[in-house]
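Colleague: Mind having a look at this structure? Questions to follow.
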Amino acid sequence: MAELVLITFDWVPETPRGYVRDLRLRWALEEAGLPYRVDSTPFRERTAAHFAHQPFGQAPWLTDGDLSIFESGAILLHLGTRSASLLPTDPRGRNEATKWLFAALNSVEAASLPWSIFVLSGLTGDTPGWERLDAFLESRLQHLEPVLADREWLAGDFSIADIAMADVLRLVDRFDRLERHPACRAYVARATARPAFAKAHADQMAHFAAAD
């Protein structure tokens, strides 16, 4: 089996540490017990080689032998093919996990990420733009709340769908935005209590701290 290499930035500022998306992949790799190593690409000077692997100059990407895969959702799906602990093998379970993976990235993160950028930028004043962003996120959370109140994990057993969704929700929970959505908050707490998450988070923080 080819070596799995996760490539992330060599350093990032303090604010995004613990939230850079290589954490999703570290988490998946730890859950599956797949051997891997971590390599770095410069944060400050993004080379042609970087853009050859990640056309938007972002991180992370994963190499699996001669395959190079970018976008965290695509990498999670790829890792799911490596381990039944990440993606069910039966068609119904695989479908359930896959659709919730895409829901996390397309429906929920589409609302949570711009909302979080506004919060971090301090642009949360009484403006129509902010009110629309907050209402958009609130709508997504209201629809997700009864789903998570009714089940422990999105697709039966814990899967890549939960890695993506919990990480998306974790960002808004950072700013107490899940306070009015107890099922969402409890779901994030369950997911982040898993040993694989704790290991992935600690490893990411140590990785960036080592470059200071």
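The values are calculated or read from the model by the stated rules, or taken from the named source; none is laboratory data. The structure presented is a predicted model; accordingly, all values stated were derived computationally and were not measured. Methodologically, a virtual Cβ is constructed for each residue, glycine included, from the backbone with ideal geometry; neighbour enumeration extends over all protein chains shown. Heavy atoms of the whole protein, side chains included, go into the accessibility calculation; ligands, DNA and RNA do not. Shrake-Rupley method; radii C 1.70, N 1.55, O 1.52, S 1.80 Å.
Colleague: More than 23 Å from residue 6 (Cα to Cα), among the aromatic types (Phe, Trp, Tyr) and either surrounded by fewer than 21 Cβ atoms within 10 Å (Cβ to Cβ) or in contact with a strand residue (DSSP E or B) (Cβ under 7 Å, 6 or more places away or on another chain) (or both), is that true of residue 175?
Modeller: yes
Colleague: Here's a follow-up. So how many residues does region 126-143 have that are touching a residue at least 24 places away in the same chain (Cβ under 8 Å) and under 24 Å from residue 18 (Cα atoms)? Talk me through it step by step, then tell me what you get.
Modeller: So in region 126-143, the residues touching a residue at least 24 places away in the same chain (Cβ under 8 Å) come out as 136-137, 139-142.
From what is left, the residues that are under 24 Å from residue 18 (Cα atoms) are 137, 140-141.
Within region 126-143, residues that are touching a residue at least 24 places away in the same chain (Cβ under 8 Å) and under 24 Å from residue 18 (Cα atoms) number 3.
Colleague: Working only within region 26-74, note down all residues that are among the polar types (S, T, N, Q), within 23 Å of residue 103 (Cα to Cα) and either open to solvent by 50 Å² or more (accessible area, probe 1.4 Å) or in contact with a Ser or Thr (Cβ under 8 Å, 6 or more places away or on another chain) (or both).
Modeller: From region 26-74, those among the polar types (S, T, N, Q) are 40-41, 47, 54, 58, 63, 68, 72; that's our starting set.
Restricting the remaining residues to those that are within 23 Å of residue 103 (Cα to Cα) gives 54, 58, 72.
Of everything in region 26-74, just one residue is among the polar types (S, T, N, Q), within 23 Å of residue 103 (Cα to Cα) and either open to solvent by 50 Å² or more (accessible area, probe 1.4 Å) or in contact with a Ser or Thr (Cβ under 8 Å, 6 or more places away or on another chain) (or both), namely 58.
Colleague: I would also like to ask the following. Being in contact with a Phe, Trp or Tyr (Cβ under 9 Å, 6 or more places away or on another chain) and open to solvent by less than 20 Å² (accessible area, probe 1.4 Å) is the filter here; which residues of region 98-116 pass it?
Modeller: Listed by number, the residues that qualify are 111, 115, 116.
Colleague: In addition: As an exercise: evaluate residue 170 against (1) open to solvent by less than 50 Å² (accessible area, probe 1.4 Å); (2) more than 23 Å from residue 32 (Cβ to Cβ); (3) among the charged types (D, E, K, R) and give the number of the one condition it does not meet.
Modeller: Residue 170 satisfies every listed condition except (2).
Colleague: Filter region 158-179 for residues that are in a loop (DSSP other than H, G, I, E, B) and free of Cβ contacts under 8 Å to residues at least 24 places away in the same chain; which is nearest to residue 8 (Cα to Cα)? Steps first, answer last, please.
Modeller: In the first step, residues of region 158-179 are kept if they are in a loop (DSSP other than H, G, I, E, B); the result is 158-159, 174-179.
Still in the running and free of Cβ contacts under 8 Å to residues at least 24 places away in the same chain: 176, 179.
Values: 176: 28, 179: 32 Å.
Restricting to residues being in a loop (DSSP other than H, G, I, E, B) and free of Cβ contacts under 8 Å to residues at least 24 places away in the same chain, the top hit is 176.
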